[in-house]
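One structure below.
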Amino acid sequence: MSAEETAEEGQPVVTASESADAKGGSSSGPTKHRSSSPWGALREGVVLVALALALAVLIRSFLVQAFFVPSISMEPTLDINDRILVSKLTTDIHGVKRGQVIVFKDPGGWLPPEPDNSARWQRVLRNGMTYVGLLPADRGDDLVKRVIGVGGDHVVCCDSKGRITVNGKALDEPYIAAGADPSDTNFDVHVPADHLWVMGDNRPFSEDSRPHEQERPGGGMVPVSNVVGRVVLVVYPLSHWARMPVPDTFHDVPNASP
């Protein structure tokens, strides 16, 4: 009889091969153990880091990107050195709307040259960490302003009460700096298609569409293609944490007449 046939009912059956394994042997040869060398663990770590960096680059390129606020031009909405999150997907899908705070590339001559006197290795390290999203962008040709008019809009300053009007609708602007006028210069512009008229909330201290339009007609217009994305959150410092909704005053602005 075999071992299986002689086992009592209800008792576990032990085969010859299992018995040999229990004694440290094997009928099928020596057991192979998975390697646990430090080099294997290092390779796995490198792969995981590479995947994490690739994911960070994808997120930065197509979804969201972090920025420093470099100046006082958007106070009190944004303070200097605030860290903000900019959604690229929002503007890619829904376009740019009046009242949004956006980050955009310098359309030409808005920013003076900014020398960088740091060591080369520091620039390389900083640029690399910014590229993968580990540091917020704080240098280059990016600006942050509020959209006042979009393509086709007629934007005027000012009406009899000193307010900016868009397509004849006066704006109530509670977000501008306390004590500041909506604008210290007059203008009357029609925004070309696929362009924007932008202004900082700290009107007396904002280099925005106004002075560049006065220097050169059309120079105050920002191409929509220059928009990096919409500011959706202030994330640091935590005491400044805030969302960036579109102010109610822009909801009642009529579309431009054809």
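Observations on the model:
- In Hz, Karplus ³J(HN,Hα) per residue of the stretch 232-240 (6.51, -1.76, 1.60; θ = phi - 60°; x = Gly, Pro): 10, 8, 9, 10, 7, x, 4, 5, 9
- With 23 Å as the limit, the listed pairs Lys88/Lys169; Lys145/Lys169; Lys105/Lys145 have Lys88/Lys169 beyond it between alpha carbons.
- On the basis of the beta-carbon distance and an R0 of 45 Å, Val235 and Trp39 show a calculated FRET efficiency of 0.70.
- Percent accessible area from carbon and sulfur atoms, the stretch 136-258, protein chains only, probe 1.4 Å: 51 percent
- Residue-count net charge about Phe205 - beta-carbon cut-off 15 Å; Lys, Arg +1, Asp, Glu -1: -3
- The stretch 213-256: C-alpha gyration tensor shape, a/c 1.5 cut-off, then a/b vs b/c: oblate
- Shape call, the stretch 140-258: gyration tensor on alpha carbons, a/c limit 1.5: rounded
- Here Ala180 and Ser225 are evaluated by their C-beta separation; at R0 = 30 Å the FRET efficiency comes out at 0.45.
- Extending 7 Å from Cα along the Cβ direction at Arg83 and again at Ser71 yields two label points whose distance is 2.4 nm.
- Sorting 171-177, 241-247 by average packing, meaning the other beta carbons within 10 Å per residue, from highest down gives 171-177, 241-247.
The values are calculated or read from the model by the stated rules, or taken from the named source; none is laboratory data. What you are looking at is a predicted structure, and each value in this text was computed from that prediction instead of being measured. Backbone-built Cβ (ideal geometry, glycine too); neighbour counts: all protein chains shown. The accessibility values were calculated without ligands, DNA or RNA, using every heavy atom of the protein model including side chains. Shrake-Rupley method; radii C 1.70, N 1.55, O 1.52, S 1.80 Å.
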